[in-house]
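This report refers to the structure that appears directly beneath it.
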Amino acid sequence: MIDQYENPIKDTCDMKVEQVYIANGWEKPDGMCNSAWESMSAFVMTLAHGYDGWMKNKKSAMISCNDGFRPVSFLIETMAEDAE
């Protein structure tokens, strides 16, 4: 189905299960896909400033990348200490 709608992309998402990225504010982590970061950056900042929302653990959120051909879900969690 992807071939029917999307132009070939040289460097598509190459995320791995249990891969970890550490974000420091609005800075996209090195090596993270732009589309994934655009899908989650607002949630990263919201969690960093404290949010008691839809998740059972108010220090985490489950977010999905907006790429419908290569769906990836991300568990975003706050850290106990500041990231460098």
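The values are calculated or read from the model by the stated rules, or taken from the named source; none is laboratory data. Here the structure is a predicted model, which is why all the values come from computation and not from measurement. Don't worry about glycine lacking a Cβ; one is built from the backbone with ideal geometry, like all the others, and counts go over all protein chains shown. Surface areas here come from the heavy atoms of the whole protein model, side chains and all, with no ligands, DNA or RNA. Shrake-Rupley method; radii C 1.70, N 1.55, O 1.52, S 1.80 Å.
A 1.4 Å probe run over the chain, with the rest of the protein chains in place, finds 80 Å² accessible per residue. For Phe74, the amide hydrogen comes within under 5 Å of the amide hydrogens of Ile63, Ser64, Cys65, counting only partners 5 or more places away or on other chains and with H modelled in the peptide plane. Here the Karplus relation 6.51 cos²θ - 1.76 cosθ + 1.60, evaluated at θ = phi - 60°, turns the backbone of the range 14-20 into coupling constants of 10, 4, 10, 4, 6, 5, 10 Hz, with x for every Gly and Pro.
Taken about its Cα centre, the range 11-52 carries a charge dipole of about 60 debye when Lys and Arg each add +1 at the Cβ and Asp and Glu each add -1 at the Cβ.
Other residues with beta-carbon under 14 Å from the beta-carbon of Met40 carry, at +1 per Lys or Arg and -1 per Asp or Glu, a net charge of -3. Judged by the mean number of other Cβ atoms found within 10 Å, the most tightly packed of the peptides 65-73, 50-58, 19-27, 33-41 leads the ranking 33-41, 65-73, 19-27, 50-58. What percentage of the solvent-accessible surface of the chain, computed with a 1.4 Å probe over protein heavy atoms, is contributed by carbon and sulfur atoms? Its accessible area is 49 percent carbon and sulfur atoms. Working from Cα positions, state the angle (0 to 90°, nearest 10) between the long axis of helix 34-48 and the longest principal axis of the chain. With rounding to tens, the tilt is 10 degrees. Only Cα pairs under 8 Å and at least 6 apart count here; give the relative contact order of the chain as a rounded whole percent. Taking the mean separation of contacting Cα pairs over the length of the chain, I get 24 percent.
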